[in-house]
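Below is one structure; the comments refer to it alone.
The values are calculated or read from the model by the stated rules, or taken from the named source; none is laboratory data. Note that the structure is predicted; figures quoted are calculated from it, not measured. Note: ideal-geometry Cβ built from the backbone for every residue, glycine included; neighbour counts use all protein chains shown. Note: accessible area is taken over every heavy atom of the protein model, side chains too, but ligands, DNA and RNA are not part of it. Shrake-Rupley method; radii C 1.70, N 1.55, O 1.52, S 1.80 Å.
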Amino acid sequence: MPNGDKIWLIEVEATNAKTVNLSFKNTEIPNGNELYIYNPDKSFILGKFESKHLYNGELGSELVPGSKVFVEYYVPAINSDNIGNVEISRVTHGYRTAGEYQEKAFGSSGSCNMNVNCPDGADWVNQRNSALMLVSGGNGFCSGALINNTANDGTPYVLTANHCYSNPASWVFRFQWQSENCPNPGSSPSFESLSGAVLRARRTPSDFCLVEITGGLDNGTVPQLHTPYFAGWNNAN
């Protein structure tokens, strides 16, 4: 660019895909450099991703609607000798959207189930905000909960199921992914998300998995923009 800044662009197309999401490895984003992922009309933009969003050089992205995504990497002139490295390790072709899953589609819950913003949920607003949706391995959906620890220090532990396990460095965690009110939404609600985690413990017989979110944190914890709530627990009997 005229001022000495540099921008790299690559277009990735998955023909007829309904969503596309990417996984990265061996990636280094020096301070000041920025990574973005977006669809052609820029109606869906992910980023900016910085060094704080990476764990061991890995990063997973949210599902971008459509069949094409652009990856944009920006290096300011001051970093001309400190470019870093960006490596796309996997492209996931979404052949159906989350709303089209027969077992998990919107409106498919049983008559005994109700959305968190129904009247019966009024006393559980805090606990509601501990519930997360996670994109596992770029191609699967699971649920989890942000949970507290005995130090009460905001360490972003997430409890989920062991059968959801894949490389957690590529996981994406959706916060605030909930119906606005009691009726089922007609399309996916808005949400905030964080990418990347590290395994802390898991076990097959009890089907539990505990991870710690690593990407996009503020002072080592989930940003307040995501309205996090750290659910309580006990290990009695």
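One table, with the values for the structure above:
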item: Cα centroid of region 173-222 to Cα centroid of region 63-93, whole Å; result: 23
item: At 1.306 mPa s and 10 °C, Stokes D of the chain from Kirkwood alpha-carbon radius, µm² per second; result: 83
item: D (Stokes-Einstein, µm²/s), Kirkwood Cα radius, region 133-237, 1.002 mPa s at 20 °C; result: 148
item: Cβ crowding within 10 Å averaged over residues, with 209-222, 43-56, 140-153 ranked highest first; result: 209-222, 43-56, 140-153
item: Heavy-atom accessible area per residue - the chain, 1.4 Å, Å²; result: 54
item: Calculated [θ] (222 nm, deg cm²/dmol) that DSSP helices of n ≥ 4 give over the chain, each run adding -39,500 (n - 2.57); result: 0 deg cm²/dmol
item: Carbon and sulfur %, accessible surface of the chain computed with the full protein complex present, 1.4 Å; result: 48
item: Taking the C-alpha atoms of region 1-65, convex hull volume expressed per residue in Å³; result: 108
